[in-house]
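*Asks:* Have a look at the structure that comes next, please.
The values are calculated or read from the model by the stated rules, or taken from the named source; none is laboratory data. Predicted, not measured: the structure shown is a model, and the values here were computed from it. Backbone-built Cβ (ideal geometry, glycine too); neighbour counts: all protein chains shown.
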Amino acid sequence: MGAYLSVPSWVRNLDSRYRFVLGECTECGGYTFPPEGACVECNAVGTLEPVEPAGTGEVVAQTVIESGAPPEFAALLDAQGAIGVVLVELDEGARVPGMLTDCDPREVARGDRVESVVRRIYEQEGIVRYGAKFRPEP
Ligand SMILES: [Zn+2]
């Protein structure tokens, strides 16, 4: 997170940034994120089929960035005062990282239910980057 990402590589990955894509294993039915390489459940290689998860799950790890964010997140940090970053175990079983939105990140804790939504991430080189974020389930 926070590593420099050029415009071409952002565009190339745009599809997977607007929605999460998991790999469903044709051998064991397990889910892997990102959908590449070996299945995290059975280690089979070349068995992952891309599927779109429901986007709901449970927070398994959480942190709040209140200072020292990478430069591309500085404006967001100024605007929000804090950025929440979570690791979510989706209902399909795969674990995906994401930023929190539409809430006070200090009030989100492990075990909370969240859902994914598409939100502005940051602006770089004049292009606004969007991606999936998580917010507490209503
Ligand atoms: Zn498998």
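Residues checked against (1) small (Gly, Ala, Ser); (2) more than 16 Å from the ligand (Cβ to nearest atom):
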| site | (1), (2) |
| --- | --- |
| THR32 | no, no |
| PRO35 | no, no |
| CYS42 | no, no |
| GLU52 | no, yes |
| GLN62 | no, yes |
| GLU66 | no, yes |
| ASP78 | no, yes |
| GLY84 | yes, yes |
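*Asks:* Sticking with this one: Could you tell me whether LEU100 is buried (at least 20 other Cβ atoms within 10 Å of the Cβ) and in contact with a Lys or Arg (Cβ under 7 Å, 6 or more places away or on another chain)?
*Replies:* yes
*Asks:* Counting only residues that are closer than 29 Å to GLY84 by Cα, give me the strands (runs of 3 or more DSSP E) lying completely in the stretch 21-65 with at least 3 of them.
*Replies:* Ranges flagged: 22-25, 56-65.
*Asks:* State which residue is modelled with the lowest pLDDT when the search covers only the stretch 14-27 and only residues that are within 16 Å of the ligand (Cβ to nearest atom) and either in the same structural domain as ARG120 (by TED's automatic domain parsing) or surrounded by 13 or more Cβ atoms within 10 Å (Cβ to Cβ) (or both).
*Replies:* Step by step, filter the stretch 14-27, then rank; the result is LEU22.
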